[in-house]
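Visitor: If you scroll down you'll find the structure; I have some questions about it.
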Amino acid sequence: MSLSDEERRIIVGLEYEKACKTIDKVIEYQTLGHWDTIANRLYYSLFHAVNALLINDGHSVNTHRGVISVFGNDYIRTGIFPSKAGRLYSDLQTLRNNSDYNCSFDATEDEIKPLIEPTKQLIEEIGKYLQHTNK
């Protein structure tokens, strides 16, 4: 499906707004100690930010693996974002999968807390990229 520039701008804005709202929920869940939920919310906050990035640049991806693949190939390997951003996204996906689908896995504060600030920072970096490319 081909999007007009205006449609693309609107969808990118909505995706990025969703990323920001989702990362904001992390603080609320952190005070409650819901680490599995935080793992899920961290992953989805970054998913929405990266999705905004891909849509902004004209990529059409239909799966979570596809989003991660295009992000890695077109933004990490090319140096637009640092390699640690790709590792963070991959780590968040693994934690989210374990937290959501593995009944014997419970995410811990020690695993999750160190990922919160880097995720927020990466979302902000993506936001700056989006602003820069939409001028």
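The values are calculated or read from the model by the stated rules, or taken from the named source; none is laboratory data. Being a predicted model, the structure only gives us computed values, none of them experimental. Reconstructed Cβ throughout: ideal geometry from the backbone, glycine too, with neighbour counts over all protein chains shown. In case anyone asks, the SASA skips ligands and DNA or RNA and just uses the protein heavy atoms, side chains included. Shrake-Rupley method; radii C 1.70, N 1.55, O 1.52, S 1.80 Å.
Visitor: Just checking, which of GLN121, GLN93 is assigned to a helix (DSSP H, G or I), open to solvent by 60 Å² or more (accessible area, probe 1.4 Å), under 19 Å from LYS18 (Cα atoms) and not acidic (Asp, Glu)?
Guide: GLN121
Visitor: Do you know which of the residues in segment 35-60 that are aliphatic (A, V, I, L, M) and either open to solvent by 20 Å² or more (accessible area, probe 1.4 Å) or out of contact with any Leu (no Cβ under 8 Å at 6 or more places or on another chain) (or both) is nearest to ARG87 (Cα to Cα)?
Guide: VAL50
Visitor: Further, regarding this structure: Filter segment 73-90 down to the residues that are in a helix (DSSP H, G or I), free of Cβ contacts under 8 Å to residues at least 12 places away in the same chain and not basic (Lys, Arg) and list them by number.
Guide: Result: ASN73, ILE76, SER83.
Visitor: To continue, here is another question. Hey, can you tell me all the residues within segment 96-118 that are crowded, with 16+ Cβ neighbours inside 10 Å and in contact (Cβ under 8 Å) with a residue 40 or more places away in the chain?
Guide: ARG96, ASN98, SER99, ALA107, GLU111, ILE112, LEU115, ILE116
Visitor: Of everything in segment 4-34 that's farther than 15 Å from GLN121 by Cα and touching a residue at least 40 places away in the same chain (Cβ under 8 Å), which residue is least open to solvent (accessible area, probe 1.4 Å)?
Guide: Across segment 4-34, the extreme among qualifying residues is VAL12.
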